[in-house]
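The block underneath contains the structure these notes are about, expressed in structure tokens.
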Amino acid sequence: MPLNRRLYLLPLVLAGLSLAAGDTDGKAPQASHANTFGMSVQADLPLRELQDSLDHRTGFGLGLQWTHDHGAAHASRTRLEFNVFPESQPVGPTATTTYAKNVALSFDHLFRVSEGPARLYLVGGLGGARWTLEQKAPAFSSNLTTTKLAVTAGVGVQMARQLTLEARYVVSGIQKTFDANTVQVSLGWRF
């Protein structure tokens, strides 16, 4: 068969394949169980003792994400993040400055609450955070590195196919009497 006749058949073959792949019972298509990768940028608002030590300074973070859609309303996500908090002004009677950062690995479950152009979903997760806390004062200097449990709860909205906005509350600690809870506002992009 000549090449120009094959090119005429190509639209027919493609139309037939799309009809064969389509759903014929009138029900909505099911989720694809797809894996998506993405990245995020976020603002980190420290709370409790971390907030006091950092003189209420906001941190920022970058992250990588891998999401697996399980169908229906469920998905799981693995997040790897690097968060940095700028050094504080001298705080307290000892004029202590504090610098903090962490690397966090979290395993989240996402539950879609709504469908449509702006999909609302809930986030719950467990993971670990590797904290580094440096404190300096005229009389002393300390550097502490520790790994602690991180528990995440939050809400997100998928604003477009590839764009998400989330607010997360992350419970973690640095020492037994030093809480390092944060509120994270994250903008994610899936590719």
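The values are calculated or read from the model by the stated rules, or taken from the named source; none is laboratory data. Everything numeric here is computed off the predicted structure, so don't read it as measured data. For neighbour counting, all protein chains shown are included, and Cβ atoms are generated from backbone atoms with ideal geometry for every residue, glycine included. Quick note on the areas: whole protein, heavy atoms, side chains included, nothing else; ligands and nucleic acids left out. Shrake-Rupley method; radii C 1.70, N 1.55, O 1.52, S 1.80 Å.
Points to keep in mind about this one:
- A search for C-beta distances below 9 Å between a residue of the range 143-167 that is more than 22 Å from V41 (Cβ to Cβ) and any residue that is charged (D, E, K, R) and in a strand (DSSP E or B), counting only pairs 6+ apart in sequence or on different chains, returns N143/E134; L144/E134; T145/R130; T146/R130; T147/R130; K148/R130.
- Candidates G59, G92: the one that is in contact (Cβ under 8 Å) with a residue 40 or more places away in the chain and open to solvent by less than 60 Å² (accessible area, probe 1.4 Å) is G59.
- Note on the range 114-155: residues that are over 30 Å from S88 (Cβ atoms) and within 18 Å of the chain's Cα centre (by Cα) amount to 6.
- Taken over the range 95-121, residues that are surrounded by 14 or more Cβ atoms within 10 Å (Cβ to Cβ) and either polar (S, T, N, Q) or in contact with a helix residue (DSSP H, G or I) (Cβ under 8 Å, 6 or more places away or on another chain) (or both) amount to 6.
- Residue within the range 66-81 that is among the hydrophobic types (A, V, I, L, M, F, W, C), over 21 Å from F107 (Cβ atoms) and either surrounded by 13 or more Cβ atoms within 10 Å (Cβ to Cβ) or modelled with pLDDT of 95 or more (or both) present: no
- Of all residues making up the range 158-177, the number that are surrounded by fewer than 16 Cβ atoms within 10 Å (Cβ to Cβ), more than 11 Å from the chain's Cα centre (by Cα) and hydrophobic (A, V, I, L, M, F, W, C): 3
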